[in-house]
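What follows is calculated from the coordinates using simple rules that are stated; it is not laboratory data. Since we're looking at a predicted model, the values are computed, not measured. As a convention, Cβ positions derive from the backbone with ideal geometry for all residues, glycine included, and neighbour counts pool all protein chains shown.
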Amino acid sequence: MSRPSASLRTAVVWDVLRGALDQRAKLSDRAELSVLDTGGGTGNFAVPVARLGHRVTVVDPSPNALFGLERRAAESGVAERVRGVQGDVRGLFDVAERGAYDVVLCHGLLEYVEDPADGLRNTVAALRPEGGTLSVLTSGLGGAVLARALAGHFTEARHALTSPGGRWGEGDPMPRRFTPEQLTALITSTGLEVISLHGVRVFADLVPGALVDTEPDALEALARLEAAAAELPDFQSVASQLHVLAEVPPRPTAGPAA
């Protein structure tokens, strides 16, 4: 069964991220931000961020992905703004600078790393201590449970619901999933302040592509529905993905001398 386009699935994330980049540029009084994309692959987010005028460093373990990134950046005319380096989040500071980035993207990473808390601490340590924004995108538990149930795999749905990592069985390709509460707790444990939480792909993975293709204006209507549901807790809990924005808290100012 075909599904709606990939652009619909990332629209909510991109809208939120673009607003966060604009806000960070205003707060830092710099039009050009330094952005780190951990596990950024072929540049699905890095290249659009570079098009906005920012400089992006992509860290990814796959040479093939980095080759694709280089080609995509060149085709988009932003090759001078995108740098790809081979590495992973565990050894992040072998290839990236500590405390040097205005914005760090951690998309599709925490599901796969051996220790999510340790990996997240590294990404947070890459942010400027005087102020920075972290964007985290992970797989959501509720979306997987709902998808398995609607497909008639009720035992697998129950297994995902009750297993510690949110996996539906041995054949599950996803090593780990998160609830909104688990993800926000993991992020706040690093000392960051959570600014926003959005559910991503609440409906897009469940709607047959044929339905969207045959109904006039259905794709646009579905995108509006996704955007409207993204901020509502009831729908976040059944989203296929969860997107969190968090920031380095402001440093306390010294009070007047006694």
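If I take every Cα pair under 8 Å that is 6 or more residues apart in region 37-188, average their sequence separation and divide by the length, what percent do I get for the relative contact order?
18
Taking 0.36 nm per residue of separation and subtracting the Cα-Cα distance, what length does fully extending ASN64 through ALA185 add?
Length difference between fully extended and current span is 40.1 nm.
With axes computed from alpha carbons, what is the tilt in degrees of helix 116-125 against the longest principal axis of the chain, rounded to the nearest 10 within 0 to 90?
30
Can you give the percent of C-alpha pairs in the chain whose distance is more than 23 Å?
Value for the chain: 54 percent of Cα pairs lie more than 23 Å apart.
What is the log10 of I(q)/I(0) for region 80-124, computed with the Debye formula using one identical point scatterer on each Cα and no solvent, at q = 0.23 Å⁻¹?
Values returned for q = 0.23 Å⁻¹ are -0.90.
Using the alpha-carbon atoms, what tilt in degrees (0 to 90, nearest 10) does helix 218-229 show relative to the longest principal axis of the chain?
60
Tally Lys/Arg at +1 and Asp/Glu at -1 over every other residue whose Cβ is under 12 Å from the Cβ of LEU92; what's the total?
Net charge in that neighbourhood comes out at -3.
Could you list the GluC sites (Glu not before Pro) in region 132-227 that lie in coil according to DSSP, counting only those with at most 16 other Cβ atoms within 10 Å of their Cβ?
GLU170
Estimate the FRET efficiency between GLU215 and ILE195 by the formula 1/(1 + (r/R0)^6), using the beta-carbon distance for r and 30 Å for R0, to the nearest 0.05.
0.25
Taking Cα atoms, how many degrees apart are the long axis of helix 141-150 and the longest axis of the chain, rounded to 10 and kept between 0 and 90?
20
Inverting the mean 1/r over all pairs of different Cα atoms, compute the Kirkwood radius of region 90-207 and quote it in Å.
Roughly 15.5 Å, rounded to one decimal.
Ignoring solvent entirely, what values of log10 I(q)/I(0) come out of the Debye formula for region 176-239 at 0.26 Å⁻¹ when each Cα is a single scatterer?
-1.08
Only Cα pairs within less than 10 Å get springs; with that Gaussian network setup on the chain, which residue of ALA151, ALA125, ALA228 has the largest fluctuation?
Among ALA151, ALA125, ALA228, the largest mean-square fluctuation in the Gaussian network model of the chain belongs to ALA151.
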